[in-house]
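Below is one structure, written out as structure tokens; comments come after it.
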Amino acid sequence: MTFLNLLRRVERTILVVLFLTMVALFFGSVVVREFGGTMASRFAWIEEAVRLMNLFLVFLALGLALERGKHVGITNLRDKLPEPARRWLLRVIDTVGLLFSLYVAWLGVQMVEFVLKSGQTSPTLGIPMGLIYLAPVIGFLLLALRYGLSLFGVIDRFAAQAEAERC
């Protein structure tokens, strides 16, 4: 199994576990609120936990979505270009995406350091807010990895995008 296949499997597993946990927690929260009476106040942490899980779910899915061609793209110009110009444009798109993703991840690291130094914690769970700010850092690093792999021809994300458009 290659590193990329292992990464895909780990990403998918984490995303599925996060999503199913969110559904179970939220369902349990609704049931307790409806039938639990005074017990409902003990489960106030669930709303915050589900919100944080959703945040991680979105950012962790960035790279996988790019690789599968699920990101929004305007393809009118790209599809009308001759093949040499199209290849050049795709390389420019991947380069800009790679640089932008690395820049946002770097900004995220700065934010994580700042927030960790401030000592902020989440209201009901008490989790250090700096750890929560890691979601965009991890997500944009995974996105940068996919842009880099596409740029150097390891993956063909544009073929996946064309396949997704046909469906």
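Bear in mind that the values in this text are calculations on the coordinates, not laboratory data. Worth saying up front: this structure is predicted, and the values here are computed from it rather than measured. Every residue, glycine among them, receives a Cβ derived from its backbone with ideal geometry; neighbour counts consider all protein chains shown.
Distances between every pair of Cα atoms in the chain, grouped in 5 Å steps from 0 to the bin holding the largest one, split as 1, 8, 13, 16, 15, 13, 11, 8, 6, 4, 2, 1, 0, 0 percent. The modelled label-to-label distance for the pair Ala85/Leu107, using points 7 Å beyond Cα in the direction of Cβ, is 3.2 nm.
Once you put a point 7 Å from the Cα of Arg33 and another 7 Å from the Cα of Leu77, both along the Cβ direction, what distance in nm separates them? For the pair Arg33/Leu77, the computed spacing is 4.6 nm. Residue separation of Thr95 and Leu116 scaled by 0.36 nm, minus their Cα-Cα distance, works out to 4.4 nm of gained length. Full extension of the chain between Thr124 and Asn54 yields a length gain of 23.6 nm, computed as 0.36 nm times the residue separation minus the alpha carbon distance. Rounded to the nearest 20 debye, the dipole magnitude of the chain is 240 debye, with +1 charges on Lys and Arg beta carbons, -1 on Asp and Glu beta carbons, and the Cα centre as origin.
A Förster radius of 22 Å combined with the Cβ-Cβ distance from Ser41 to Thr21 puts the calculated FRET efficiency at roughly 0.50.
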